[in-house]
Amino acid sequence: MTNGTQPMTDQTAPAVEVRNLSKHYGDFVALKNVNVTIAAGEYFVLLGPSGGGKTTLLRTIGGFHKPTKGEILLHGKSVGHLPPDKRPTTMVFQAYALFPHMTVTQNVGYGLKVAGLPKDQIVEKVDYALEQVGLSQFTHRKPHELSGGQQQRVQLARAIVLDRDILLLDEPLAALDAQLRKDMCLELKHLQEKVGITFIHVTHNQEEAMTVADRIALIANGDLVEFGKARDIYRAPEKSFTASFVGENNMLKGRVAEANGSSVTVDVAGSKLTVDKRGLNVTDGQEVNLSIRSECVALDRVNGTNAPADGLSILGTYDESVYLGLTTSHMARLPDGTEMVSRVISDTDDTLPEANAPVRLSWKPGDIRLHVE
Amino acid sequence: MNDYDNIWLHRLKWTYLLLVVLTLMTPVMYVMYVSFNQNGFGANEYVFTWEWYGLIFSDELLIGALRWTLMLAVVVTVITVPMALLAAKYYKAADNKLFPVFLLLAPLFVPPDILGSALLVFFKNLNFALIWLGDQIGTSLFDSWFRLSFLTATIGLIIYTIPYSFVVILITMGRYRKEQTEAARACGANGWRAFWDIEFPQIRAGVFSACAFTVILVFNEYTRTSLLKGGFDTFTTVLISQMLNTGMSPQSYAMSAMVSFVAIAVIGSIILFTMIRAESLSRTARAKAEPVMS
């Protein structure tokens, strides 16, 4: 659906295709040869640490930066030469982007006014958009008379009222407090399902990403590290960076002791661990990384009968526990100094081992993953 | 004042402020006072009269000078303020800010006599060069382009006023967030539309202040104007010439007082309007922020 102000686009093509995109600022490389395809109607999240290049990618898609190399296609049409106002995109910014001299109604209706729509149509569309974001009673307020969450809702209404195909969200919830961010996450997800357009959302907050995303792309140091469904990214990360950034993973460094068949034996801190090879090319003696999510690690006291020899556990010494409300994290240290965390949904602390007591950390076969890069 | 402030220190601060204002305003008030004296400046006896104000408009010299001054002020403002605005916009967007700010503010640090004399020499040489060029190609078309005239005075005053306008606009622009321009572009506005609809309303106060400042600077300027003006007089050159030669006429006092009245009334009204509007806005905001009691 368009309001007639945007160029016609090929609705069968992906909403966004980024091909071999690079962006340099002098010697600094913000994006390195990025390739990604985003389907129409998808909620796609660009997740990564600050300074990784995710905002640069979003702003390049939106036309606020020109690519140094590569191509961006929106609905099959190359748009590298088009400024932001000529693209079928609109954008929600982190903060400070509402027009302070305009009321909520004027802010939301601004794009329609620019497009030259008749006043009665503008009023109708603005009312509908404000209803969608639950701000119908604040029409005459100025931005400074609204809370942070309400301001972001006005930005959303201002964006969706334009009926553009692609909505870019640049850390839209970063300036909000934790509770409001959670609420707004769900609202964003529901809104996207309602309007059915493509949302591309930049965030460094993994919980936010998990809540809203159909698919997540991880971006760090200008590279698109990995992308996939939120559940896959969390449960089965391909790259060790993904494992270290998403969720709370224990990262273990080791050396391949034996690589035969479908599994590999890896020497980690003096213990031999067995891990699925996942079809990766590994050779004896190769240095590799292993990841295990902290909630998959069980921690037990060591007694005479449970010394590890099964390839699915490792010995360490108990360090301390941190009570986090819903969960409790138990920290243990391996003989090589690596810290491992076992996270459990339990807040009873009467059976905790004493500090420096020997403990056994164990997991199920499918919970440990091999990373070779 | 908070509960821990010393009341006498508080009063001392206010007394100091009043003293500063009095020091600033006393000469202006004295000119106003003299302008209503039948016997003029320095007389032993003070007799109130409106007579000198009535005579202003029959004084050809003063009215002519005022007309030239107003024309200069309007032309210089119309050129200077947009140039300063563009410069401020480019400055805000520039990565390396030191070099452009140095270039733009450099004229502020050149003494007026030196800048005026330099421009005088420059225009004379430029004029010679253009006359020579005209002679070579057999035309007298360029002969008067850079003779001392309204044009040369305008150029001199633009060079003088741009740094001030630039600084005034830049101060207002400091509060403006570029995300708003980007948001307007994302809403479909082109660059000009985004500027006119979104940025300009927010920096308007600075632009208008720069206009007012430029007009005042042009009214006030003597050295550069007198060196570059050619065959006409401005209000300030007339007043200073009178002071140096015959002494200011009673009409000149009346004219000076009138200009001061108008300036104070205009600036005062703007300040008053701004304060009343700000108070009204904050009252509305407070009312909206208060919880509804049922």
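Find the strands (runs of 3 or more DSSP E) located wholly in the range A:259-308 whose residues include 2 or more that are surrounded by fewer than 16 Cβ atoms within 10 Å (Cβ to Cβ) and in contact with a Gly (Cβ under 6 Å, 6 or more places away or on another chain), and list them.
Passing ranges: none, list empty.
Can you confirm whether the range A:73-84 contains a residue that is crowded, with 22+ Cβ neighbours inside 10 Å, within 18 Å of A:I200 (Cα to Cα) and within 12 Å of chain B (Cβ to nearest Cβ)?
Yes, the conditions are met somewhere in the range A:73-84.
Residue-wise test of (1) modelled with pLDDT of 90 or more; (2) within 9 Å of another protein chain (Cβ to nearest Cβ); (3) in contact with a strand residue (DSSP E or B) (Cβ under 8 Å, 6 or more places away or on another chain); (4) crowded, with 16+ Cβ neighbours inside 10 Å.
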residue	(1), (2), (3), (4)
A:L98	yes, yes, no, yes
A:Y128	yes, no, no, no
A:E145	no, yes, no, yes
A:Q152	yes, no, yes, yes
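Step by step: first the residues of the range A:154-178, then only those that are more than 12 Å from chain B (Cβ to nearest Cβ) and charged (D, E, K, R), then the one that is surrounded by the fewest Cβ atoms within 10 Å (Cβ to Cβ). Which residue is that?
Checked the range A:154-178; the qualifying residue surrounded by the fewest Cβ atoms within 10 Å (Cβ to Cβ) is A:D177.
If A:I314 satisfies every condition in (1) in a loop (DSSP other than H, G, I, E, B); (2) modelled with pLDDT of 85 or more but one, which is the exception?
A:I314 satisfies every listed condition except (1).
State yes or no: is B:A129 farther than 21 Å from B:S209 by Cβ and under 19 Å from the mean Cα position of the chain (by Cα)?
Here the answer is no, as B:A129 does not meet what is asked.
Checking B:D197 against (1) facing chain A (nearest Cβ under 8 Å); (2) in a helix (DSSP H, G or I); (3) over 25 Å from B:T274 (Cα atoms), which test does it fail?
Exception for B:D197: condition (3).
Which ones in the range A:60-71 are of a type in the set (A, V, I, L, M, F, W, C) and crowded, with 22+ Cβ neighbours inside 10 Å?
A:I61
Here is a yes/no grid of residues against (1) free of Cβ contacts under 8 Å to residues at least 40 places away in the same chain; (2) under 22 Å from B:I171 (Cβ atoms):
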| position | (1), (2) |
| --- | --- |
| B:P201 | yes, yes |
| B:V207 | no, yes |
| B:T214 | no, yes |
| B:T225 | no, no |
| B:L239 | yes, no |
| B:M243 | yes, no |
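Does any residue of the range A:250-257 turn out to be of a type outside the set (F, W, Y) and not in a strand (DSSP E or B)?
No, there is no match, as no residue in the range A:250-257 is of a type outside the set (F, W, Y) and not in a strand (DSSP E or B).
Can we say A:G41 is surrounded by 19 or more Cβ atoms within 10 Å (Cβ to Cβ), in a loop (DSSP other than H, G, I, E, B) and assigned by the TED database to the domain that holds A:V114?
Working: surrounded by 19 or more Cβ atoms within 10 Å (Cβ to Cβ): no; in a loop (DSSP other than H, G, I, E, B): yes; assigned by the TED database to the domain that holds A:V114: yes.
No.
For A:P172, are the conditions met, namely being over 18 Å from A:P84 (Cα atoms) and modelled with pLDDT under 95?
Yes; evaluated as a whole, the condition is true for this residue.
I'd like to verify a number: residues in the range B:133-159 that are among the polar types (S, T, N, Q) and surrounded by 15 or more Cβ atoms within 10 Å (Cβ to Cβ), how many?
Number satisfying all stated conditions: 3.
Among B:L130, B:L66, B:L98, B:L104, which is out of contact with any helix residue (DSSP H, G or I) (no Cβ under 8 Å at 6 or more places or on another chain) and surrounded by 14 or more Cβ atoms within 10 Å (Cβ to Cβ)?
When all the criteria are applied, what remains is B:L130.
Only one of A:V126, A:V114, A:V92 is among the hydrophobic types (A, V, I, L, M, F, W, C) and within 16 Å of A:K142 (Cα to Cα). Can you tell me which?
A:V126
Any chance the range B:140-160 includes a residue that's more than 27 Å from B:T69 (Cα to Cα) and either without any contact (Cβ under 8 Å) to a residue 60 or more places away in the chain or out of contact with any strand residue (DSSP E or B) (no Cβ under 9 Å at 6 or more places or on another chain) (or both)?
Quick first cut of the range B:140-160, residues more than 27 Å from B:T69 (Cα to Cα) only: B:140-141.
Retained after the next criterion (residues that are either without any contact (Cβ under 8 Å) to a residue 60 or more places away in the chain or out of contact with any strand residue (DSSP E or B) (no Cβ under 9 Å at 6 or more places or on another chain) (or both)): B:140-141.
Checked the range B:140-160: at least one residue is more than 27 Å from B:T69 (Cα to Cα) and either without any contact (Cβ under 8 Å) to a residue 60 or more places away in the chain or out of contact with any strand residue (DSSP E or B) (no Cβ under 9 Å at 6 or more places or on another chain) (or both).
Can you tell me which residue is surrounded by the fewest Cβ atoms within 10 Å (Cβ to Cβ) among those in the range A:108-122 that are touching a Lys or Arg at 6+ places or on another chain (Cβ under 8 Å) and within 9 Å of chain B (Cβ to nearest Cβ)?
A:V114
Got at least one residue in the range A:21-36 being part of a helix (DSSP H, G or I), over 21 Å from A:V225 (Cβ atoms) and of a type outside the set (D, E)?
Looking through the range A:21-36, none of the residues is part of a helix (DSSP H, G or I), over 21 Å from A:V225 (Cβ atoms) and of a type outside the set (D, E).
How many of the residues making up the range B:29-56 are of a type in the set (G, A, S) and without any contact (Cβ under 8 Å) to a residue 40 or more places away in the chain?
Adding up the residues that qualify gives 3.
Among the candidates A:M91, A:M102, which residue alone is at the interface with chain B (Cβ under 9 Å from one of its Cβ atoms) and part of a loop (DSSP other than H, G, I, E, B)?
Values: A:M91 fails: part of a loop (DSSP other than H, G, I, E, B).
After ruling out the rest, the residue left standing is A:M102.
I need every pair where a residue in the range B:175-188 that is touching a residue at least 24 places away in the same chain (Cβ under 8 Å) and at negative phi has its Cβ under 7 Å from the Cβ of a residue that is part of a helix (DSSP H, G or I) and of a type outside the set (K, R), sequence separation at least 6 or different chains.
Going by the 7 Å Cβ cut-off, the qualifying pairs are B:Y176/B:E199; B:Y176/B:Q202; B:Y176/B:I203.
The values are calculated or read from the model by the stated rules, or taken from the named source; none is laboratory data. Model, not experiment: these values are computed from the prediction. We place every Cβ from the backbone using ideal geometry, glycine too, and count neighbours over all the protein chains shown.
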